[in-house]
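Below is one structure, written out as structure tokens, with a few remarks after it.
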Number of protein chains: 2
Amino acid sequence: MTQNHIIHPQDFLIDKAALQARRSYKWRHYPADVLPAFVADMDFRVAPAVQAAILETVEAQDYGYPLRGGDRPHLPLATVFAERMALRYGWTVPAEQVIALADLVQGINAAILAFSEPGDGVIVQVPNYPPFRESILTTGRKLVPLEMVRTQGSYGFDLETLEAVIDERTRILVLCNPQNPTGRAFSRAELEAVLVFAERHDLIVLSDEIHADLLYPGARHIPFASLSAAAAARTVTLSSATKGFNIPGLRCAVAAFGTDALLKRFHDRVPSRVLGSVNHIGIDATIAAWTEGQAWLDGVLAHLNAMRDHVAETLRRELPAVRFHLPDATYLLWLDCTDLGIEGTAHDFFLEHARLGFSPGEAFHPDGAKHVRMNFATSKPILDEILERMVKAARANQR
Amino acid sequence: MTQNHIIHPQDFLIDKAALQARRSYKWRHYPADVLPAFVADMDFRVAPAVQAAILETVEAQDYGYPLRGGDRPHLPLATVFAERMALRYGWTVPAEQVIALADLVQGINAAILAFSEPGDGVIVQVPNYPPFRESILTTGRKLVPLEMVRTQGSYGFDLETLEAVIDERTRILVLCNPQNPTGRAFSRAELEAVLVFAERHDLIVLSDEIHADLLYPGARHIPFASLSAAAAARTVTLSSATKGFNIPGLRCAVAAFGTDALLKRFHDRVPSRVLGSVNHIGIDATIAAWTEGQAWLDGVLAHLNAMRDHVAETLRRELPAVRFHLPDATYLLWLDCTDLGIEGTAHDFFLEHARLGFSPGEAFHPDGAKHVRMNFATSKPILDEILERMVKAARANQR
């Protein structure tokens with residue numbers, strides 16, 4: 001298949017029986033009668049180029065120490081990431097300032113250790129990806145929440161409120177952009193406000209940009225480090241092909257340091273080899289995704305866009321009490337089910353009464369028990385079954 | 001193929017053209033006319049059960065978040081490791097005290113950070129695996145060498161000499177058993193002497209036992225932590241299937257903490273998620289190796305044993321000036337080429353005059369420039385070509 005071949009859903013959709021046969025967390029965590037719509041991977045085959053890169057190693061049983069960039073297999077990965085950032089966003093970062101990681105959570109943890117001390121404050125948008133919140137707490141740092149608030153048709157955040165709660169021991173701001181679970185891709189004005197704030201309080205910014213590949217028409221991704229040289233000097237950008245190209249099990253991510261000085265400061269506290277080496281199947285798959293995967297990604301995004309609109313229309317028509325905003329990016333919806341009048345948590349309600357497995361809102365926000373996060377990266381028949389069960393259970397409860 | 005099928009060399013040997021087509025460090029690092037005998041992987045196909053475990057994921061493109069032991073994929077790995085230790089060595093370690101790593105060097109680095117401070121001393125046998133020596137230096141610790149000395153027909157070490165050079169800031173002893181590059185599998189008496197020494201100086205012992213699967217007839221592996229409860233309480237055992245089962249690129253290893261208190265002390269300094277998650281292809285392959293790979297390993301060991309004896313006989317007959325001892329374990333030979341009268345390093349001599357790629361002795365020991373480490377895990381035809389080139393070049397130099 002050439003890179004210019006147009007990808008249709010039938011090229012990547014997998015039928016339900018094959019999904020159920022997988023040994024995946026998504027399809028095995030809940031009992032077999034539960035339809036899963038939680039953990040962030042997609043019910044799709046990977047890009048042909050990704051599979052070809054994996055098969056090259058597997059068919060040759062070439063599992064020895066790899067030669068990729070001499071004895072530094074992460075270097076080609078760093079180079080491809082840097083080229084991709086320059087091409088897509090006009091952001092220049094030298095490959096020498098990009099390191100390989102197993103996953104973003106490792107990067108967040110390591111950067112928290114490197115750039116703060118126990119008891120220091122770490123700002124994180126809430127709701128947010130639960131492991132980021134855990135990272136702050138298990139390293140003995142103080143979680144300083146930056147609330148995502150519902151605005152006219154979208155979500156925003158309020159830096160004035162944050163100003164009131166931080167103190168001189170606040171060292172780090174974890175930015176998630178596009179944001180999980182709200183799906184916001186922040187505007188330049190919003191990001192510049194964060195930068196002014198970070199400069200005023202001398203904060204290191206850890207910018208999780210893993211969802212940048214999953215952007216819908218009309219939205220734009222702006223790497224935080226691309227705002228200015230001063231922004232780059234205080235920013236560690238974290239990314240991976242695992243979300244956009246659906247390979248989270250392969251464990252390969254990158255951290256890009258805006259300056260060499262920042263990378264050196266990091267390694268003074270966290271030596272490179274404490275992070276472990278990344279397996280070369282993950283590296284090869286990531287390089288293939290980033291260099292040859294665009295046609296597949298375009299096809300997947302067209303399908304996700306259609307599913308996003310389909311879910312939104314259906315919920316607005318059938319369950320107007322569920323409040324949400326259309327995401328700018330991600331295949332995730334942050335659903336406020338407060339007005340459904342559910343007793344207990346929304347997650348438990350849908351699990352019990354609709355046999356649906358959503359992500360529990362309380363894992364993303366202490367006050368999120370009436371929310372769920374819904375993953376709509378599946379086929380239309382499965383999605384319709386999810387919506388049908390959801391509507392039926394919610395209506396029965398409202399009667 | 002059943003587990004009881006007898007494995008012959010033709011079941012795992014790969015021809016030279018296929019090896020040269022690999023993108024492996026071993027076969028691509030040197031120019032094409034150089035025969036490689038350096039980096040520690042084997043020129044063999046993997047165990048059928050290992051390949052089947054990998055193919056199960058790859059054919060289903062099941063690259064999402066894995067379900068293996070719920071959302072803790074390392075748990076089945078830890079369980080299998082603990083069961084293997086109990087079965088093979090009568091050593092009991094609870095699976096809850098076993099963590100997953102990408103590689104042993106990560107474990108050594110992390111344990112050095114957890115159990116010592118900058119400036120503290122770390123004892124390591126020399127010659128030793130170069131990344132261990134680097135780990136001590138890049139973390140700002142002081143390397144305290146424990147010399148391996150040639151004894152009657154073997155190698156030993158001298159703890160009295162060590163006693164004279166350590167001080168109260170020496171915190172850690174890195175033990176490599178079986179030892180790389182000398183191939184020694186230490187006796188119970190030797191290990192007990194190390195334990196007495198470690199107790200007297202209150203040292204944490206980091207016991208690299210990655211070569212334990214590659215033991216020759218007559219040799220025995222004794223896990224250091226199995227010596228006594230007191231030994232376990234100060235020991236972190238590091239292991240992996242990557243050496244014995246030839247899958248280093250897949251990046252999966254374990255660290256077993258002798259007590260829960262030791263693990264807790266480790267995690268107080270090195271939070272779990274700083275280490276990153278291990279990819280599930282590596283985990284699956286390791287579990288398959290440890291539970292279904294024995295027939296393959298037996299076949300490989302029979303071949304390695306024959307190659308070990310063949311190299312030894314050939315060198316003793318054709319190049320008696322090269323001094324070495326038969327290894328108890330590993331497919332590595334530590335060759336003292338001092339008496340060959342080579343100018344410059346032994347590595348460079350054989351590279352230039354024999355087009356052979358050995359591991360340079362000076363990477364394992366500051367005074368090792370007249371040594372090379374030879375990897376004999378290949379087919380007899382390739383090994384014969386290596387020996388022929390080696391003998392020819394050395395003899396020409398002696399004339």
*Just checking, how many residues over region A:156-176 are closer than 17 Å to A:Gly107 by Cα and touching an Asp or Glu at 6+ places or on another chain (Cβ under 6 Å)?*
2
_Wholly enclosed strands (runs of 3 or more DSSP E) of region A:152-260 bearing at least 1 residues acidic (Asp, Glu)_ = A:204-208
*Of the numbered conditions (1) touching a helix residue (DSSP H, G or I) at 6+ places or on another chain (Cβ under 9 Å); (2) over 21 Å from B:Leu332 (Cβ atoms); (3) surrounded by fewer than 20 Cβ atoms within 10 Å (Cβ to Cβ); (4) among the charged types (D, E, K, R), B:Asp167 satisfies every one except a single condition; which is it?*
(1)
*Within region A:61-71, track down each residue that is in a loop (DSSP other than H, G, I, E, B) and either more than 7 Å from chain B (Cβ to nearest Cβ) or buried (at least 18 other Cβ atoms within 10 Å of the Cβ) (or both).*
A:Gln61, A:Asp62, A:Tyr63, A:Gly64, A:Tyr65, A:Leu67, A:Arg68, A:Gly69, A:Gly70
*Just one of (1) more than 14 Å from every other protein chain (Cβ to nearest Cβ); (2) surrounded by fewer than 21 Cβ atoms within 10 Å (Cβ to Cβ); (3) more than 19 Å from the chain's Cα centre (by Cα); (4) small (Gly, Ala, Ser) trips up A:Gly121, so point out which.*
(2)
*A:Met148 passes all but one of (1) under 22 Å from the mean Cα position of the chain (by Cα); (2) within 11 Å of chain B (Cβ to nearest Cβ); which number fails?*
(2)
*asked:* Cβ-Cβ under 9 Å, sequence separation 6+ or interchain: first residue in region A:32-45 and farther than 14 Å from A:Pro360 by Cβ, partner at pLDDT 95 or above and among the acidic types (Asp, Glu). Which pairs?
replied: A:Leu35/A:Glu385
_Among (1) facing chain B (nearest Cβ under 7 Å); (2) assigned to a loop (DSSP other than H, G, I, E, B); (3) over 25 Å from the mean Cα position of the chain (by Cα) - the single one A:Val58 does not satisfy_ = (2)
*asked:* Please go through region B:261-288 and give me each residue that is assigned to a helix (DSSP H, G or I) and of a type in the set (Val, Ile, Thr), ordered by number.
replied: B:Val274, B:Ile281, B:Ile283, B:Thr286, B:Ile287
*Are any residues in region B:278-288 of a type in the set (A, V, I, L, M, F, W, C) and facing another protein chain (nearest Cβ under 9 Å), and if so, which ones?*
B:Val278, B:Ile281, B:Ala285
*Within region A:243-280, work out how many residues are within 21 Å of A:Tyr63 (Cβ to Cβ) and of a type in the set (Val, Ile, Thr).*
2
*Mind listing whichever residues of region B:362-372 are touching a helix residue (DSSP H, G or I) at 6+ places or on another chain (Cβ under 6 Å) and not in a loop (DSSP other than H, G, I, E, B)?*
B:Ala363, B:His371, B:Val372
*In region A:55-83, the residues that are at pLDDT 95 or above, of a type outside the set (A, V, I, L, M, F, W, C) and touching a Phe, Trp or Tyr at 6+ places or on another chain (Cβ under 8 Å)*: A:Thr57
*On the given criteria, is A:Asp33 at pLDDT 95 or above and more than 12 Å from every other protein chain (Cβ to nearest Cβ)?*
yes
*Consider only pairs whose beta carbons are under 7 Å apart and that are at least six residues apart or on different chains; among these, list those whose first residue lies in region B:182-202 and is more than 27 Å from B:Asn375 (Cα to Cα) and whose second residue is in a loop (DSSP other than H, G, I, E, B) and modelled with pLDDT under 95.*
B:His201/B:Ile166
*Restricting region A:207-262 to residues that are within 14 Å of the chain's Cα centre (by Cα) and β-branched (Val, Ile, Thr), the residue that is surrounded by the most Cβ atoms within 10 Å (Cβ to Cβ)*: A:Thr237
*Show the residue pairs that are 6+ apart or on different chains and have beta-carbon atoms under 6 Å apart, the first residue being within region B:348-360 and not assigned by TED's automatic domain parsing to the domain that holds B:Asn375, the second being part of a strand (DSSP E or B) and buried (at least 24 other Cβ atoms within 10 Å of the Cβ).*
none
*Hey, can you tell me all the residues within region B:238-258 that are within 24 Å of B:Ala49 (Cβ to Cβ) and away from chain A (no Cβ under 14 Å)?*
B:Ser239, B:Ala256
_Quick check on my filter: what residues within region B:164-191 are of a type in the set (A, V, I, L, M, F, W, C) and modelled with pLDDT of 95 or more?_
B:Ile172, B:Leu173, B:Val174, B:Leu175, B:Cys176, B:Ala185, B:Phe186, B:Ala189, B:Leu191
*Considering B:Arg265, B:Arg273, which residue is surrounded by fewer than 23 Cβ atoms within 10 Å (Cβ to Cβ), farther than 30 Å from A:Arg68 by Cα, assigned by TED's automatic domain parsing to the domain that holds B:Arg84 and of a type outside the set (Gly, Ala, Ser)?*
B:Arg265
*Selected residue (criterion: nearest to A:Ala53 (Cα to Cα)) from residues of region A:259-277 that are in contact with a strand residue (DSSP E or B) (Cβ under 9 Å, 6 or more places away or on another chain) and facing chain B (nearest Cβ under 7 Å)*: A:Ser277
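The values are calculated or read from the model by the stated rules, or taken from the named source; none is laboratory data. In this text the structure is predicted, and so the values were computed from the model without any measurement. Cβ coordinates were reconstructed from backbone atoms using ideal geometry, including for glycine residues, and neighbour counts include every protein chain displayed.
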